[in-house]
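As structure tokens, the structure follows; a few thoughts come after it.
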Amino acid sequence: MNRDALSDLMAEYGMALDEDRLEDWVELFEEICDYRVVTRENVEQNLPNVLIWCDNKNMLRDRIESYRNVNLYNPHYDRHILGPIRLSKQEGSLCTFDVSYSLFQTTLEGESRLFSVGRYHVEANVGKGRATLKSVMVIADTGTIPSLLATPI
Amino acid sequence: MNRDALSDLMAEYGMALDEDRLEDWVELFEEICDYRVVTRENVEQNLPNVLIWCDNKNMLRDRIESYRNVNLYNPHYDRHILGPIRLSKQEGSLCTFDVSYSLFQTTLEGESRLFSVGRYHVEANVGKGRATLKSVMVIADTGTIPSLLATPI
Amino acid sequence: MNRDALSDLMAEYGMALDEDRLEDWVELFEEICDYRVVTRENVEQNLPNVLIWCDNKNMLRDRIESYRNVNLYNPHYDRHILGPIRLSKQEGSLCTFDVSYSLFQTTLEGESRLFSVGRYHVEANVGKGRATLKSVMVIADTGTIPSLLATPI
């Protein structure tokens, strides 16, 4: 199995978001996919709350388009620092793994602060030299509530 | 030498702590092992202070058991973000390497903050597909003094 | 291509700075090299401001020597946490890639804080088992203005 492909995938995941290439970020997903953001508190208490949920690629496209059209406020730079991949399962081309993340935000005045920490629970298909996202569950330790128009984590 | 095995080992090291699977964290160590936490200040001044020191696996087990039985206060989530591995020596199956870490803590109310940064100095044996910890020295830049009942770093 | 060599290179880049082995850090560069620090704000506005610029290895040596001779104030520990490598180009032995970084500083009293986040845009030559830096552009999200005598990022 191509471990480099998974590492490349997650490196590009963070860089695409950080460079405001949100459309490129969407392209990392498969057409039939699932992206959701939950808090760790909810997961551990088996609560059903989901902060963001897109259950196919068109919903991701719509979300990014809305963001592009409406979001005129709170401009900032994102910066994702991702840890190593913990692979937990591999069945054919499908890999399941977790990656811890820290996400920092910087104002246009250049002030940086910690915004969110947590973990990505990911299912990805690894093809020839490239991997694609089948599902990403963002489990945020930090209790930030991203609004409808926030960028993805 | 299997670099992926070292990366998997350290990914699981952080994830086990972060997911409160402390018993799984202990299982990453060999029976004859050494785990200690020191501050960088002490290391650089050749001071003998050691904040935590377990010099075999049973001591690690005891420590975790004490923590499970006594620790009713200060609940929080940990999140380790680890950097890349710097391999410095390899002799047979024994690898010596360093990994920088940042550790964030989140209260149950969802507020995250930087808790500690520093470096792991690690000796690990790499067997067939799996690596085990022979020694971990946590050299903390941050001058946090973990109490007897604190979780490992 | 040897991905491990790039990972080793960047791991050592951060560790050399963090361990105050600035001379070792210089040795990671080729004789004909380029190191500069810019802010993201300037890059995105096409402004020419460069906070630090060394366009060959001797300039890097001079800079480190000045730092060693003059810098008596603001002692602190640095800690770099680097994310995964995003490889964008490979031509012969020359690799172009980006790495996100977070940089924390700790006072001698042991207080740690976030100092800077951003991205390294790197060109490196990968030889037999070892990689060398041809150019590093530090693109800092954080608007810190390192003084003439500051350590490199």
What translational diffusion coefficient, in µm²/s and rounded to a whole number, does the Stokes-Einstein relation yield for the protein assembly as shown at 37 °C and a viscosity of 0.692 mPa s, taking the hydrodynamic radius as the Kirkwood radius over Cα pairs?
143
Going highest first, how would you order B:47-57, C:22-32, A:9-19 by mean Cβ packing within 10 Å?
A:9-19, C:22-32, B:47-57
Sorted shortest first, the nm distances from the C:ASN69 label point (7 Å along Cα→Cβ) to its counterparts in the other copies are 6.3, 6.3
Given the DSSP H assignment, sum -39500 (n - 2.57) over each helix run of at least 4 residues in chain C and divide by its residue total; what's the result at 222 nm in deg cm²/dmol, nearest 500?
-7500 deg cm²/dmol
Let me confirm one metric for peptide C:9-18, namely the mean number of other chain beta-carbon atoms within 10 Å of its residues' beta-carbons.
4
Quantify how strongly other chains surround peptide C:110-123 by giving the mean number of their Cβ atoms within 10 Å of each of its Cβ atoms.
5
From the cross-link list A:LYS134/B:LYS57; B:LYS134/C:LYS89; A:LYS134/C:LYS128; A:LYS134/C:LYS134; B:LYS134/C:LYS128, the entries with a Cα-Cα span beyond 32 Å are A:LYS134/B:LYS57; B:LYS134/C:LYS89; A:LYS134/C:LYS128; A:LYS134/C:LYS134
Cα-based helix-to-principal-axis angle, C:3-18 vs chain C, degrees rounded to 10
10
As a footprinting exposure proxy, order C:SER102, A:SER88, C:SER112 by other Cβ within 10 Å, with the fewest listed first.
A:SER88, C:SER112, C:SER102
From the C-alpha gyration tensor of the stretch B:58-153, pull out the three semi-axes of the equivalent ellipsoid (sqrt of 5λ each), sorted largest to smallest, in whole Å.
28, 18, 12
When the convex hull of its Cα atoms is projected in every direction, mean area for the stretch A:9-109 (nm²):
8.0
Rounded to the nearest 10 degrees, what's the angle between the helix C:57-70 long axis and the longest principal axis of chain C, both from Cα atoms, 0 to 90?
20
Along Cα→Cβ at 7 Å, what distances in nm separate the B:GLU30 label point from those on the other copies, shortest first?
4.1, 4.1
Taking every residue in B:98-105, how many Cβ atoms of other protein chains lie within 10 Å of its Cβ, on average?
6
Quick one: label points 7 angstrom along Cα→Cβ at B:TRP53, distances to the other copies in nm, smallest first?
5.3, 5.3
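Values in this text are rule-based calculations from the coordinates and carry no lab data. On a predicted model such as this, the values are computed, not experimentally measured, just so you know. Virtual Cβ from ideal backbone geometry, glycine too; neighbours counted across all protein chains shown.
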